[in-house]
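The values are calculated or read from the model by the stated rules, or taken from the named source; none is laboratory data. Just so it is clear, the structure is predicted and the values come from calculations on it, not from any experiment. Methodologically, a virtual Cβ is constructed for each residue, glycine included, from the backbone with ideal geometry; neighbour enumeration extends over all protein chains shown. We work out accessible area using only protein heavy atoms, side chains counted, and drop any ligands, DNA or RNA first. Shrake-Rupley method; radii C 1.70, N 1.55, O 1.52, S 1.80 Å.
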Amino acid sequence: MSAARDVFIEHGYEHTTMKHVMDAAGVSRGGLYQYFSNKEDLFEAIVEEGLSNEAENTAELLRKTESHWKLLMQLLFGEDGKPDAEMDPLAPSKLEFFITGRNDERRREYGRKRYNLGVRVYADVIKAGQESGEFSDRFDSELLSRSIITFIDGLALDDAILAEKDVQLEQQSSLFIEYLKMALDVRM
């Protein structure tokens, strides 16, 4: 799966073939097809692994966290919790996968499942912060979660098609942090 992830990053979803993956992974056709029926199954497994791991890790971290704000920032920006000019290198392939499959009911259903899991991950952190008094409950945790996902998806799309100077990923992310501070009434 690691080799396949690299191939999808290099070629994009549409231009990746199972042959590319076989060559990169050093496996036979039978070896690859023993686990994945097609490119779509393989890509879904890669995406699912990342999101499922994040959901499991978040649930564990929620039990231990002292700062829901810090945890939210880590979910958004990685371990250091700070925005930078880097986007997930698999993001363009994810966009391609969902956009080219927008009329395919299987992909739409998978997209809904993935979206709802993402909403749950962010909403759980926000709701826990609201219940602890760290965050204001002025806005619904699920609505804020949807806003986060829309922001991330919008930046991913811009990053995939525009020049870095036009997207200003780090600057937009910093501005989004201010939006979240205001919406959650975080004082820092």
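Can you work out the FRET efficiency for the pair Leu61 and Asn116, with r the C-beta to C-beta distance and R0 = 25 Å, to the nearest 0.05? Walk me through the numbers on the way to the answer.
Values: r = 20 Å, r/R0 = 0.80.
Given R0 = 25 Å and the Cβ-Cβ separation, E is 0.80.
Let me know the longest stretch in the chain that avoids all trypsin sites (Lys or Arg not before Pro) found in a DSSP loop with at most 13 other C-beta atoms within 10 Å.
The longest such stretch corresponds to 1-101.
Could you pull out the GluC sites (Glu not before Pro) across the range 17-91 that fall in loop regions by DSSP (anything but H, G, I, E, B) with no more than 14 other Cβ atoms inside 10 Å? Walk me through the intermediate numbers first.
Numbers: sites: Glu40, Glu44, Glu48, Glu49, Glu54, Glu56, Glu60, Glu66, Glu79, Glu86; in loops: Glu66, Glu79, Glu86.
Of the GluC sites (Glu not before Pro), the ones in loops of the range 17-91 whose Cβ has at most 14 other Cβ atoms within 10 Å are Glu66, Glu79, Glu86.
Taking a 1.4 Å probe, which of Thr16, Thr150 shows the most accessible area, and what order do the others take after it? Please list the in-between numbers first.
Working: Thr16 5, Thr150 90 Å².
Listed by decreasing accessible area, they come as Thr150, Thr16.
Given labels modelled 7 Å from the Cα in the Cβ direction, how far is it in nm from Ala163 to Glu54?
3.0
Each label point is 7 Å from the Cα along the Cα-to-Cβ direction; what then is the distance between the points at His15 and Arg187, in nm?
Label-label distance for His15 and Arg187, simple model: 5.3 nm.
Return the lysines within reach of Lys127: Cα separation strictly under 19 angstrom, same-chain partners fewer than 8 residues apart disregarded; answer none if there are no such residues.
Lys64, Lys70, Lys181
Please report the relative contact order for the range 64-188, taking Cα pairs under 8 Å with a sequence separation of at least 6, and give it as a percent rounded to a whole number. Please list the in-between numbers first.
Working: 95 pairs, mean separation 39.0, N = 125.
Over the range 64-188, the number comes to 31 percent.
Label-point separation (nm) for Tyr179 and Ser37, each offset 7 Å from Cα along Cα-to-Cβ?
Going from the Tyr179 label point to the Ser37 one covers 3.9 nm.
Compute the Cα gyration tensor for the range 2-87, then decide on rounded, prolate or oblate, letting a ≥ b ≥ c be the square roots of its eigenvalues: rounded whenever a/c is under 1.5, prolate when a/b is larger than b/c in the other cases, and oblate in all that remain. Kindly include the intermediate steps, with their values, before the conclusion.
On the way: a/c = 3.72, a/b = 2.16, b/c = 1.72.
The shape class here is prolate.
Restricting to DSSP loop positions (anything but H, G, I, E, B) with no more than 15 other Cβ atoms inside 10 Å of their own Cβ, which chymotrypsin sites (Phe, Trp or Tyr not before Pro) remain in the range 20-115?
Details: sites: Tyr33, Tyr35, Phe36, Phe43, Trp69, Phe77, Phe97, Phe98, Tyr110, Tyr115; in loops: Tyr35, Phe36.
Answer by residue number: Tyr35.
For Cα extents along the principal axes in Å, the listed values are [x] 55, 38, 32; [y] 66, 37, 29; [z] 65, 63, 31; which was obtained by calculation from the structure presented?
Given [x] 55, 38, 32; [y] 66, 37, 29; [z] 65, 63, 31, the calculated one carries the label [x].
What's the angle, to the nearest 10 degrees (0 to 90), between helix 169-184's Cα axis and the longest principal axis of the chain?
40
With angles folded into 0 to 90 degrees, how steeply does helix 141-161 sit against the dominant principal axis of the chain? Use alpha carbons for both and round to 10.
It is inclined by approximately 50 degrees.
In whole percent, and with a 1.4 Å probe on the protein chains, what portion of the accessible area of the chain is carbon and sulfur? Please report the intermediate quantities before stating the final value.
Working: 5360 of 10970 Å².
Of all accessible area on the chain, carbon and sulfur atoms account for 49 percent.
Can you tell me the accessible area per residue over the chain, all protein chains present, probe 1.4 angstrom, in square angstrom?
Details: 10970 Å² over 188 residues.
Dividing the accessible area of the chain by its residue count gives 58 Å².
Keeping all protein chains in place and using 1.4 angstrom, which order do Asp166, Asp84 fall into by accessible surface area, from largest down? Before the final figure, lay out the partial values.
Working: Asp166 90, Asp84 70 Å².
Largest accessible area first, the list is Asp166, Asp84.
Using only Cα atoms, find the angle between the long axis of helix 105-132 and the longest principal axis of the chain, and express it within 0 to 90 degrees, rounded to the nearest 10.
For helix 105-132, the angle is close to 30 degrees.
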